[in-house]
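The values are calculated or read from the model by the stated rules, or taken from the named source; none is laboratory data. Note that the structure is a prediction, hence the values are computed from the model and not measured. Ideal geometry is used to build each Cβ from the backbone, glycine not excepted, and the neighbour counts take in all protein chains shown. Surface accessibility is based on the protein's heavy atoms, side chains included, excluding ligands, DNA and RNA. Shrake-Rupley method; radii C 1.70, N 1.55, O 1.52, S 1.80 Å.
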Amino acid sequence: MKYKRILLKLSGEALMGEQNYGIDINRVAQYASDIKEIHEQGLEIAIVIGGGNIYRGLSAEKAGMDRVQADYMGMLATVINSMALQDALEKVGLKTRLLTAIKMEQICEPFIRRRAVRHLEKGRIVIFGAGTGNPYFTTDTAASLRAIEINADAVLKGTRVDGIYSADPEKDPNATRFDNISFTEVYQKGLNVMDMTAFTLCQENNLPIIVFDMNKPGNLKKLAEGEHIGTVVS
């Protein structure tokens with residue numbers, strides 16, 4: 001394994017699979033299988049999932065809802081996704097812990113940094129839910145923050161595209177993919193990798209970001225073993 005400990009960031013939209021809304025159980029099962037492959041080789045894994053397949057705070061704000069209220073609703077959506085992934089991981093025999101930034105004692109533990117690190121050291125998959133627990137911050141920022149707090153070696157951002165492009169590859173057929181790119185180049189080119197708060201956190205703490213296609217089975221294992229998959233931001 002190239003890494004000892006990683007933070008895997010998954011988008012909520014990816015959990016929809018081919019559906020227009022909600023959670024595709026087959027997609028979640030594929031993710032669980034891929035995660036098990038690398039965990040069995042000794043990799044310590046923490047996970048943050050978005051909630052866009054269920055609820056997006058920014059969209060609700062544009063429709064007239066109070067931003068703070070909308071953001072808290074979005075945090076709850078991430079907990080639903082986290083519980084779905086937790087169930088899938090446990091079905092393939094992995095031990096997990098769900099820690100959230102908002103207390104929900106009946107279903108998860110409150111986030112405590114030392115406890116999270118101890119769970120990882122004991123070989124448990126740790127899922128961080130409810131973002132940072134604060135409005136105005138995205139799950140990308142939560143992923144960057146938690147990765148720094150647990151001393152992860154890298155943030156692996158699993159998406160439905162195979163890296164960072166010069167333009168949106170789904171809209172521009174002439175878009176070109178970057179194999180490696182610096183934090184400075186991303187700023188200069190105005191590329192959309194993560195929101196600026198999350199991106200700056202990684203830059204200031206020398207934490208590499210790897211953007212790759214999580215929907216292709218086997219990609220996560222190749223990446224963890226050191227094969228060049230997707231785009232590396234460093």
Whole-Hz ³J(HN,Hα) from phi, Karplus 6.51 cos²θ - 1.76 cosθ + 1.60, for the stretch 218-234, glycine and proline x: x, 4, 5, 5, 4, 5, 5, 7, x, 5, 7, 10, x, 10, 9, 9, 8
Summed side-chain charge close to Gly57 - residues other than Gly57 whose Cβ falls under 15 Å, Lys, Arg +1, Asp, Glu -1: -3
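Hey, what number do you get for the chain at 222 nm if only DSSP H runs of n ≥ 4 count, each worth -39500 (n - 2.57), divided across all residues, to the nearest 500? Numbers along the way, then the final one.
Details: 8 runs with 88 residues, N = 234.
Value at 222 nm, helices only, nearest 500: -11500 deg cm²/dmol.
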Accessible carbon and sulfur surface of the stretch 5-233 relative to its total accessible area, %, 1.4 Å: 47
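Please compute the length gained on full extension between Asp213 and Met73, using 0.36 nm multiplied by the number of residues separating them and subtracting their Cα-Cα distance. Please list the in-between numbers first.
Working: separation 140, 0.36 × 140 = 50.40 nm, distance 2.76 nm.
Length gained, Asp213 through Met73: 47.6 nm.
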Rounded to the nearest 20 debye, dipole of the chain from Cβ charges on Lys, Arg, Asp, Glu: 660
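Please report the antiparallel percentage of the DSSP beta bridges confined to the chain, to the nearest 5.
On the way: 5 of 33 bridges.
About 15 percent, rounded to the nearest 5.
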The stretch 5-233, relative contact order in percent, only Cα pairs under 8 angstrom and at least six apart counted: 22
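Which entries in the list Lys4/Lys221; Lys36/Lys91; Lys189/Lys222; Lys103/Lys157; Lys157/Lys221; Lys157/Lys222 go over 20 Å, if you measure between the two C-alpha atoms of each?
Values: Lys4/Lys221 13 Å; Lys36/Lys91 11 Å; Lys189/Lys222 28 Å; Lys103/Lys157 26 Å; Lys157/Lys221 14 Å; Lys157/Lys222 14 Å.
Result: Lys189/Lys222; Lys103/Lys157 exceed 20 Å.
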Accessible area of Tyr136 in the full protein assembly, 1.4 Å probe (Å², nearest 10): 140
Dipole of the chain, positive end: most advanced residue of Pro110, Thr132, Leu223 [Cβ charges, Cα centre]: Pro110
Largest-first principal axis extents of the Cα set of the stretch 5-233 (Å): 49, 48, 37
